[in-house]
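Inspection log for the structure reproduced underneath, given as structure tokens.
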Amino acid sequence: VCSSDFDPDAPPPPVAPSKILAPAPRFSAQTVLVPDVVRPFLEGLVDTHPPSAAVAAIVDRAQQGNYDAPAERGATPDDELTLAFIRGLGALSKNQVPQAAAWFNQSLKAADDFLGAAFYLGVTHAISGRDTEAIGAWQMALLSDNPAAVYPVLVDALLRTGDARQALDVLDEAPAAWSNEKIGRAHV
């Protein structure tokens, strides 16, 4: 550019859109199988779909991180919904991703208001390298009983897909859902 071509009053040239690549950790299901993450989802499930006393005992164990559920069908539709979700957690804990996805899909079909199943279905997508699908599931799960668990995995997935702008937007809304203690433990 010649100095005679420079017009100091001219607007700056447009900036081409670009993706910002920020390092994001590889997704690990172990981070979302801990009792602190699972417990609020289970509590929301049993509040809206109360299981029988026998299945309630299985829920109590699942809240402590034991995701073993009997193979036989539950006595009621709410029992079966709860058992399907816990079976999905168990399959996920054993890295049986397709089986876990099937259990979480069954849970969603039985109760489309149970967004904990959507959250964990997103987990199966992320494990399988389908972050775009995981993002969709996790955006829905933001309306769940445990949004604080959703924000870190959603932001990480957005970063893995190169959508740093959307990740920043999600972080802007995150403080309303997180306490200061939980923000300090975020992945980003």
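Which distance in nm do the two modelled labels at residue 56 and residue 132 give, with both placed 7 Å along the Cα-to-Cβ direction?
Label-label distance for residue 56 and residue 132, simple model: 4.6 nm.
Using only Cα atoms, locate the centre of segment 73-111 and the centre of segment 123-147, then give the distance between them in Å, rounded to an integer.
16 Å
Would you please give the FRET efficiency between residue 93 and residue 173, computed as 1/(1 + (r/R0)^6) with r the Cβ-Cβ distance and R0 = 30 Å, to the nearest 0.05? Could the numbers behind the result be given before it?
Working: r = 30 Å, r/R0 = 1.01.
Given R0 = 30 Å and the Cβ-Cβ separation, E is 0.50.
Quick one: in segment 43-102, what % of C-alpha pairs are over 17 Å apart? Mind dumping the intermediate values first?
Working: 562 of 1770 pairs.
Considering segment 43-102, 32 percent of its Cα-Cα pairs are separated by more than 17 Å.
A short reminder: the numbers here are calculations on the coordinates, not readings from a lab. If you're wondering where the values come from, they're calculated on a predicted model, not measured in any experiment. Cβ coordinates were reconstructed from backbone atoms using ideal geometry, including for glycine residues, and neighbour counts include every protein chain displayed.
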